[in-house]
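For reference, the structure is listed below as structure tokens.
Since every read-out is calculated from the coordinates, none of them should be taken as a lab result. Everything numeric here is computed off the predicted structure, so don't read it as measured data. Cβ placement follows ideal geometry from the backbone for every residue including glycine, while neighbour counts extend to all protein chains displayed.
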Amino acid sequence: MYNTVIKSSSSLSLASNESASGGTSNSNFLPNMRNDYSLDSVCCTKRTLHSFSHMWIVENFSSYLEDPEPIICLSSSPFSPVSGVSAATQWRLVCYPKGNYGASSNYMSIFLEYIKGERDIKAKAEYSLVNRKCELTEMRKDAQFSVYKCGNSRGFINYVKYDTLTLLENDTLDDDKLKIYVRITIMDDAITEETKYQEFDDAESINFTTRGLEGLVRDFSQLLIHSPSKMSDIKIKVNTIPSHNSHPLESVDDSNSSIGTFSAHKLILAARSPVFAAMFSNCTLENTTNTIEINDLRPETIQSMLEYIYTGKVNDIKKSTVELYRCADKYQLEDLRLQAEMALMSSISIDTSAEILLLADQHHSKDLKSRVIQFIVGGNLKAITQTEGWHKYVACIPDLVTEVIQATTLE
């Protein structure tokens, strides 16, 4: 029998249990089992998982379904992780709109191909389609990690029935554009390290972060909406921007002409935004007065930002896409910025392209900028240069005009 070192009198031993009749339980024959114990050392085996994402937009998708060719293969441009040990690798998506060889009838096929790298990669992928509401649909993901050798591809030969994508009641195609979103997770090799500790409490190692996620979102939503002023510790005051300065991509409610005031919580804002974290960690005016004054954004935009901070989602991102994009960039809310960027990509048109180009340039978004320039030089240049937006947002910036002209020479 090993002697167990007891650190807490609050622990319960199986040997202390007795039957209801007052007799001795059979558990007396078991060794003392306690929740607390002492350790001399603990070793930890850990491996790092790197995730990165990419979106591929296929325009005039229905034309591929009407093409007489029985097998059509489309490939995306190469893309890479933005950081990590696998940043030098390159990947691409491969789509068969009418299915690959061996696919079931009426199914679209989708694959992820590992096209450049010096070593084998352990990875898995999650595929989704982005509908016109900027929601992820038709989600399919690998059940486990697979070893990718350079040149290998994996995916789903029967991904989704393509004849359902073109139904009028289906929201998957937005202006006949199919948007394919993939998130890839790369697994690094495991490393084991040994660290000395005086005590170790195994209760601390239990991870509860994934339990009750829906309840957490619900409770935080209620905290934002119904929290009394005495429970909040920061006020956000927003001066409304007059409607004549509004963006053509957005609608403005003229009745919202007063200053909007919102109650919030410093800890929650700081946990979600590095900008708010820095603001509340120093002797700033906002931290001293417990008030944040915002003069460059509208109240409905701040309402949407708080909605995202507290719940992780925005109900109607297209209501103020441009301002929400600026807001997300200003307060370094990266996921919200990506959602707004995806919504902007789907709203590019002759009337909006000039403003979106300026926005992408100001906020250093290479993907958005490349996408809108591609739209401009792809047969729409003459019509766009005649719009009011072109003269207002682009014509007065020589560098942007030069970039567009240079792009036309590559077409």
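Note on D351/S41: beta-carbon distance plugged into 1/(1 + (r/R0)^6) with R0 of 45 Å gives a FRET efficiency of 0.10.
The C73 and I225 beta-carbon pair, evaluated with R₀ = 45 Å, returns a calculated FRET efficiency of approximately 0.35.
Suppose every Lys and Arg Cβ carries +1 and every Asp and Glu Cβ carries -1, with no other charges. What dipole size does segment 73-145 come out with about its Cα centre, to the nearest 20 debye?
Values: 10 positive and 7 negative charges, 22 e Å.
The dipole of segment 73-145 has a size of about 100 debye.
For segment 348-410, the alpha-carbon coordinates run over 25, 25, 21 Å along the three principal axes, in decreasing order.
All other residues whose Cβ lies under 12 angstrom from that of V238 are scored, Lys and Arg at +1 and Asp and Glu at -1, for a net of -1.
In terms of surrounding Cβ atoms within a 10 Å radius of their Cβ, W390, W56, W91 rank from fewest to most as W56, W390, W91. Cross-link check: pairs K177/K313; K177/K392; K122/K366; K177/K369 evaluated at a Cα-Cα cut-off of 22 Å; pairs beyond the cut-off: K177/K313; K177/K392; K122/K366.
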